[in-house]
1. Between a residue in segment 128-154 that is at negative phi and any residue that is modelled with pLDDT of 95 or more and of a type in the set (Phe, Trp, Tyr), which pairs come within a Cβ distance under 8 Å, given they are 6 or more apart or on different chains?
2. Go through segment 1-43 and give me each residue that's part of a loop (DSSP other than H, G, I, E, B), over 28 Å from His129 (Cα atoms) and at pLDDT 90 or above.
3. Arg168 versus (1) over 17 Å from Glu84 (Cα atoms); (2) over 17 Å from the mean Cα position of the chain (by Cα); (3) not in a helix (DSSP H, G or I): which is the lone unmet condition?
4. Can we say Arg174 is in a loop (DSSP other than H, G, I, E, B) and among the basic types (Lys, Arg)?
5. Can you find, within segment 236-247, the residue that is surrounded by the most Cβ atoms within 10 Å (Cβ to Cβ) among those that are under 19 Å from Ser204 (Cα atoms) and of a type outside the set (A, V, I, L, M)?
Amino acid sequence: MPLLRPPPDLSLRELITDQSRVLSRAQALAAGMSADQIRRALGSSWQRTAYAGVYVTTTGPVDYVTRCWSALLHAGPGSAPGMETAAWFWTLEDDPPDDVHVVVPGSRRPARRAGTTFHIRIRLADRVHPAKVPTMVTLEDTVLDMVDRRSTAESAVVGLVLKACQRRLTTPARLDDALARRAKIRHRDLVSDLLVEAGDGIQSPLERRYFRDVERPHGLPRGQRNHAEVVAGARRYRDVRYPEYRTCVELDGAATHPPTDVSWTTCATTSCW
């Protein structure tokens, strides 16, 4: 959680570094700075943030991580990046969102600011990853929180859940455990079906459509999906393999496979022997 008092073995300089150059007034005072020293710093090398009593300790540009720390120190202990912000930290999303999304305990109502969205959650402590710095909503709960915000867009839910598994950020079993802990969530049946399919190796919406609209209704044999194989010393994953027919089906190409995954080809169907 954001530190309101620096630990005795952590210097103020180290604390500032750990918090992406952000410091709260309470932290500065607890570390031994006087009010006059804070005022002088604000007149020279520090700049104010959008939040009272939270400062960026440099005059340089403010990046997204610095904005996150500013919002966290404003929100107080127990708060954590969540939703699209946590998704970016977990590399589930490639680019940060426009707003900083912070999840705060149910007892707190931080003042709103432009560019920051606060989400109130009860039992938040059960949904954070304590080893991350800053403390982060777990990847599994981030996925389910984002699913719960999708009102009707099934395609968005499918893409989000499958991408989390395809990028190997989590597993269907871990997502299923997180789902079981929730009494209420939108799209529960859809997510449950997706996790079964992801457990069978389906990793993208296109692979899911091939399974549901081509392989199954046309009575094709059930393929082996995304099994790891080593070719010329490199690990790769074929979308669908039919060993008895010595045939592979490649569907997604580079758009879905990670940059380090050399499994994709530009053809739709090819021999893989």
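The values are calculated or read from the model by the stated rules, or taken from the named source; none is laboratory data. Keep in mind the model is a prediction, meaning the values are calculated, not measured. Counting neighbours? That spans all protein chains shown, and the Cβs are built from the backbone with ideal geometry, glycine included.
1. Matching pairs, first to second residue: Lys132/Phe89; Pro134/Trp69; Met136/Phe89; Met136/Trp90; Leu139/Trp90; Thr142/Trp90.
2. Gly32, Met33, Ser34
3. (2)
4. So Arg174 does not fit the description; no.
5. The residue in question is Asp239.
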